[in-house]
Amino acid sequence: MKNFHGKVAVITGGASGFGREFALKAQALGMKLVLADVQQDALETTAAELRGMGAEVVAMRCDVRKSADVQALADAAMREFGAVHLLFNNAGVGSGGLLWEASEADWEWVMGVNVWGVVHGVRIFTPLMLECARRDPAYEGHIVNTSSMAGVLCPPVMGVYNVSKHAVVALSETLYHDLALVDAPIRASVLCPYFVPTGIHQSHRNRPEDVAMQAKPTGSQMAAQAMVSKAVSSGKVSAHDVAQLTFRAIEDGQFYIFTHPQALDGVEQRMLDMVAQRNPADPYASTPQVRDMLRSMMS
């Protein structure tokens, strides 16, 4: 996708973090914006900021777990702007702790946002974008699904999150191939950030009542939260940096977007273990102090 000016970008999780930075970058490129988020106050603040910069903005509260909410978002985009060119399935939440200590509500919440949110986005918006392409011979489209390095690695005490983000990678790779199979003028990318200072380590603040925690967090859940909070807060790559990188990848038609290429050593080790049919390597072999810290916090 080379031409952004005057085109329409839809961004879930658009009120903060990566979503807000995607919106700011899109505005700077002259795009029209459709922002969705579950946090109404932050959504209104971001939308007002963008309008103050001269952007045309539609802002809707949207729980991406719900098909009807995502359909309403698509309907609003078409009603207001008549087309969608760039889709960011970006809404996401975090969760941690030993895998067997996750509750059914934990699974429903994380899978609902991280997986079903992307499923609904792809299922609802892709046919819409294909129809836009049929009406416009010059149409260019792109879909970016936000995964994580946890979508290509399997660190301990992050099991539910790992599963959800692996699903996003598999979905995105298949989407890429399916679009190519039908010669669609739409590309796809998967964004796999590592630790970047965003609000994902505080995503429980927006956890809905229907999937609320019913018990006090376990030791492993508190340890995972502390570890992720520290890592995210100390990240040197900013959400702004990630937005710049992502838009360059969109322009270049690049599928895999990794914010921390140095972390790919772990991906290579994992793939080599698979090919050699070895047991998974210790993810903390080079940083045993992290494993020791986790164990001490859980005891």
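The values are calculated or read from the model by the stated rules, or taken from the named source; none is laboratory data. Given the structure is predicted, the values throughout are model-derived calculations rather than measurements. Cβ coordinates were reconstructed from backbone atoms using ideal geometry, including for glycine residues, and neighbour counts include every protein chain displayed.
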Of the conditions (1) within 18 Å of VAL118 (Cα to Cα); (2) touching a residue at least 12 places away in the same chain (Cβ under 8 Å); (3) of a type outside the set (D, E, K, R); (4) not in a strand (DSSP E or B), LEU24 fails just one. Which one is it?
(1)
Filter segment 177-219 down to the residues that are crowded, with 21+ Cβ neighbours inside 10 Å, touching a strand residue (DSSP E or B) at 6+ places or on another chain (Cβ under 8 Å) and among the polar types (S, T, N, Q) and list them by number.
SER189
Among what's in segment 141-182 and is touching a Cys at 6+ places or on another chain (Cβ under 7 Å) and either in a loop (DSSP other than H, G, I, E, B) or at pLDDT below 95 (or both), pick the residue that is farthest from ALA26 (Cα to Cα).
VAL152
Could you check segment 136-163 and list, in sequence order, the residues that are closer than 23 Å to ARG123 by Cβ and in contact with a Gly (Cβ under 9 Å, 6 or more places away or on another chain)?
HIS142, ILE143, ASN145, THR146, SER147, SER148, VAL160, TYR161
Evaluation of ALA36 against (1) buried (at least 24 other Cβ atoms within 10 Å of the Cβ); (2) assigned to a helix (DSSP H, G or I) (one fails), failing number
(2)
Run GLU108 past the list (1) outside any helix (DSSP H, G or I); (2) surrounded by fewer than 24 Cβ atoms within 10 Å (Cβ to Cβ); (3) touching a residue at least 60 places away in the same chain (Cβ under 8 Å) and report the number of the one that doesn't hold.
(1)
For segment 205-297, please list each of the helices (runs of 4 or more DSSP H) lying entirely inside it that holds at least 2 residues being within 26 Å of TRP109 (Cβ to Cβ).
219-233, 239-252
Suppose we filter segment 267-290 for residues that are of a type outside the set (Ser, Thr, Tyr) and closer than 18 Å to VAL232 by Cβ; how many remain?
2
List every residue pair whose Cβ atoms lie under 8 Å apart, where the two residues are 6 or more positions apart in sequence or sit on different chains, the first residue falls within segment 236-263 and is free of Cβ contacts under 8 Å to residues at least 24 places away in the same chain and within 12 Å of LEU191 (Cα to Cα), and the second residue, located anywhere, is among the hydrophobic types (A, V, I, L, M, F, W, C) and surrounded by 14 or more Cβ atoms within 10 Å (Cβ to Cβ).
LEU245/ILE257
